[in-house]
1. Over 25 Å between Cα atoms, which of 2/39; 33/60; 2/45 qualify?
2. Under a Cβ-Cβ cut-off of 15 Å, what is the net charge of the residues other than residue 24 that fall near it, where Lys and Arg count +1 and Asp and Glu count -1?
3. Classify segment 1-40 from the C-alpha gyration tensor, please: rounded if a/c falls under 1.5, else prolate or oblate depending on whether a/b exceeds b/c.
Amino acid sequence: MKIILHDQPDVEKINERRLFENLALSPQQRMQKLYNLMKLSLLLKDGPIKKPQSKGIVLKLK
């Protein structure tokens, strides 16, 4: 994992860069990156994991 400090707060350029970097990764690498970000989030959070506020994603078959 790396930390990138941006000297110009242009949100559109930052989002575009992240999009292209993620598309360059394989699906397995993307899942690993997602897992690492979730793990980091839990390490930085002081309290317990947030309790769900709704039913989450509900899938319906037609």
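1. Where the Cα-Cα span goes over 25 Å, the pairs concerned are 33/60.
2. Working: positive: 2, 17, 18, 30, 33; negative: 16, 21.
Surrounding charge for residue 24 is +3.
3. It comes out oblate by the Cα gyration axes.
No lab work stands behind these numbers, since they all come straight from the coordinates. Bear in mind that the values here come from a model prediction, so they are computed numbers and not experimental data. Backbone-built Cβ (ideal geometry, glycine too); neighbour counts: all protein chains shown.
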